[in-house]
Amino acid sequence: MPKFNVEIPHALDAATAKARLEKAQSKLEAEYGANCTWASDSVMQVSRKGLDAQVKVTDSALLVDVSLGFLLTPMMGTIREGITSRLTKLVTEG
């Protein structure tokens, strides 16, 4: 599985960043058919057909590790840009 990482810096404390991510969780599940679960207090697991991701919340960034299935590999750049854009908006605008 092809993999990539994205780091989204933010100026929020970890609790606020996590709360914003939790607020967006239902939208992520509805729009993309993803299953989102919290593996720990600071790590969200996201999975759907062809994609597995982990989002770690820290005091200074959201750290995203993504693994893509074969069929989504050609869309890696678009997926990376989408994740970066949406998460940047999430931590800067709420």
**Residue-level accessible surface for Leu71, protein heavy atoms, 1.4 Å, Å²** = 150 Å²
**Prompt:** Probe 1.4 Å, all protein chains in place: accessible area of Asp59 in Å², nearest 10?
**Reply:** 110 Å²
**Message:** Sort Ser26, Ser47 by heavy-atom solvent-accessible area, probe 1.4 angstrom, most to least.
**Reply:** Ser26, Ser47
**Complete:** For the pair Lys56 and Ala30, the simple spin-label estimate (label points 7 Å beyond Cα toward Cβ) gives in nm 3.1 nm
**Item:** Heavy atoms of Phe4: accessible area, 1.4 Å probe, square angstrom to 10
**Value:** 10 Å²
**Angle in degrees between helix 14-32 and the longest Cα principal axis of the chain, rounded to the nearest 10** = 30 degrees
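Which net charge results when you count Lys and Arg as +1 and Asp and Glu as -1 among the other residues whose beta-carbon is under 12 Å from that of Leu68? Don't skip to the end; give the middle numbers.
On the way: positive: Lys3, Arg48, Lys49, Arg80; negative: Asp52, Asp65.
Net charge in that neighbourhood comes out at +2.
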**Fill in**
Between the Cα axis of helix 76-93 and the main Cα principal axis of the chain, the angle (0 to 90°, nearest 10) is 10 degrees
**Complete:** The local net charge around Asp52, scoring Lys/Arg +1 and Asp/Glu -1 for residues other than Asp52 whose Cβ lies under 12 Å from its Cβ, equals +2
**Complete:** The simple spin-label model distance between Thr73 and Glu93, using points 7 Å out along Cα→Cβ, in nm, is 3.5 nm
**Message:** Distances longer than 20 Å among the Cα atoms of the range 1-65: what percent of all pairs is that?
**Reply:** 24 percent
**Prompt:** Do you know the Lys pair count in the chain for C-alpha distances under 19 Å, with sequence separation 8 or more or different chains?
**Reply:** 11
**Prompt:** Averaged per residue, what accessible area in Å² does the chain show with a 1.4 Å probe, protein chains only?
**Reply:** 61 Å²
**List Met76, Met1, Met44, ordered by accessible area with a 1.4 Å probe, largest first** = Met1, Met76, Met44
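Tell me, in nm to one decimal, what length is gained between Asp41 and Arg86 on full extension, where the rule is 0.36 nm per residue of separation less the Cα-Cα distance? Intermediate values should be presented prior to the final figure.
On the way: separation 45, 0.36 × 45 = 16.20 nm, distance 2.16 nm.
Gain on extension, Asp41 to Arg86, equals 14.0 nm.
The values are calculated or read from the model by the stated rules, or taken from the named source; none is laboratory data. What you see is a predicted model; the values in this text were computed from it and never measured. As a convention, Cβ positions derive from the backbone with ideal geometry for all residues, glycine included, and neighbour counts pool all protein chains shown. Note: accessible area is taken over every heavy atom of the protein model, side chains too, but ligands, DNA and RNA are not part of it. Shrake-Rupley method; radii C 1.70, N 1.55, O 1.52, S 1.80 Å.
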